[in-house]
Amino acid sequence: MSELRGKVQTVRGLIEPKELGPTLMHEHVVCDFTLPAQRAAADEAAEITLETVWEINYHWVDAPGNRRLLDRDVAVREMTRMVEAGGRSVVEVSTRPMILDPEGLRLVSERSGAHLVRGCGRYLEEFMDADEMERGVDDLAAEIVADVTEGSAPRAGIIGEIGCSWPWTEAERRSMQAAVIAQQETGAALTIHPGRHPDAPFEIMAFVKSAGADISRTVMDHTERRLFDIADILRLADTGCVVEFDLFGMETSHFAQARDVDLSGDGARLTAIRALIDAGHGDRVVISHDICQRTRQVEFGGHGYGHIYRNIVPMMRRRDFGEDEIDAILVDTPARLLTFK
Ligand SMILES: [Zn+2]
């Protein structure tokens, strides 16, 4: 796509890669992440208060309404706080059939000054209805290409997050096949939500490689929620993909979505990143918070989208990360990925 090549596509149009600055590669800003079956309960959700916030956050998947992020005014304030903390750009990876609000993203970008890059493609099967589940590869690929290249609504600047369950379903494999075709056609980067199993990232990498994906422009999300052994994380980087640590700010071992998993904290995330840099993968790491619940936003008692800038960058400096290493993670690699090829 010649008009896109060399540029970054934000919800307000094309920009030069150097305008991106510090970039969070995996967030949800305006969307409804509520499962279809839980939407009625979300309509009735009680207000979050100081008395209830801890418990709602602890059980965040099951707490009605906590995954509904549709208030544009809240989003403007959250993005403004992030900019004040030193951030500049955010990749909003919400995908169909979540409820999306591209116009809302444009408005939030205009009012906060943050650059927002939106994703496209399809998320997990549990969000699909019967018709959606039946759709074929060509149909899905055409939809992704159109989201990147057509229409007056804010266009997508990255493909994904493409949802994969464990075990991986047929409908989700078609989404991935379509995403690879659309990557080849548009020159966009591809970002992938792997199923909750340590084999999932490797199964997916083998699949996208044989489908002809550009591996250097493929991001494996949620690494620290899937792989718990440094050797496995290094093995993932050895496939050539970009390794994403995107749960910064979650300082709890309790994983509301998978109770047999002990989550790591920010310190352990940095230890894994250090190991990747020492093994020569410093240009293949990106970080984010993956905020998809209200209780992680500042307005509802959470750390917000500025945590990495307020707390993690200083922690990296204390742990002897060089400025060039920090810039590679927060600026250079995101700019490389978001620049259309
Ligand atoms: Zn995800």
* Nearby lysines by direct alpha-carbon distance to K209 (threshold 29 angstrom, same-chain neighbours under 8 apart not counted) -> K7, K341
* Residue among Q184, Q297, Q257 with the largest mean-square fluctuation in a Gaussian network model of the chain, springs linking Cα atoms under 10 Å -> Q257
* Asked: In region 1-68, which trypsin sites (Lys or Arg not before Pro) are in a loop and have at most 16 other Cβ atoms within 10 Å, using DSSP for the loop call?
  -> R5, R12
* Asked: Taking Rh as the Kirkwood radius computed over C-alpha pairs, what is the Stokes-Einstein D of region 106-169 at 25 °C in a medium of viscosity 0.890 mPa s, expressed in µm² per second?
  -> 182
* Asked: Looking at T339, M250, G212, which one has the Cα that reaches farthest to the positive end of the dipole of the chain (charges on Cβ: Lys, Arg +1; Asp, Glu -1)?
  -> T339
* **Dipole magnitude of the chain, debye to nearest 20 (Cβ charges: Lys/Arg +1, Asp/Glu -1, about Cα centre)** => 820
* **Semi-axes of the equivalent ellipsoid for the chain, Cα gyration tensor, largest first, Å** => 25, 24, 22
* 15 Å reach of a label modelled at D327, 7 Å along Cα-to-Cβ, counting backbone N of region 272-294 -> 283
* Pairs of Cα atoms farther than 22 Å apart, region 1-102, % -> 43
* To do: State the Cα centre-to-centre distance between region 300-338 and region 41-72 in whole Å.
  => 28
* Distance in nm between label sites at W54 and A231, each 7 Å beyond Cα in the beta-carbon direction? -> 3.9
* What spacing in nm lies between the two simple spin-label points modelled at R310 and E44, each 7 Å away from Cα in the Cβ direction? -> 3.5
* Asked: Any idea what % of Cα-Cα pairs in region 13-162 are farther than 24 Å?
  -> 39
* From the C-alpha gyration tensor of region 87-244, pull out the three semi-axes of the equivalent ellipsoid (sqrt of 5λ each), sorted largest to smallest, in whole Å. => 24, 19, 15
* Where both residues lie in the chain, what percent of DSSP beta bridges are antiparallel, nearest 5? -> 30
* Structure fact -> The farthest towards the positive end of the charge dipole of region 8-338, of the residues G322, V53, A37, given +1 on Cβ of Lys and Arg and -1 on Cβ of Asp and Glu, is G322
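No lab work stands behind these numbers, since they all come straight from the coordinates. These numbers come from a predicted model, not from an experiment. Here the Cβ is made from the backbone with ideal geometry for all residues, glycine too, and neighbour counts use every protein chain on show.
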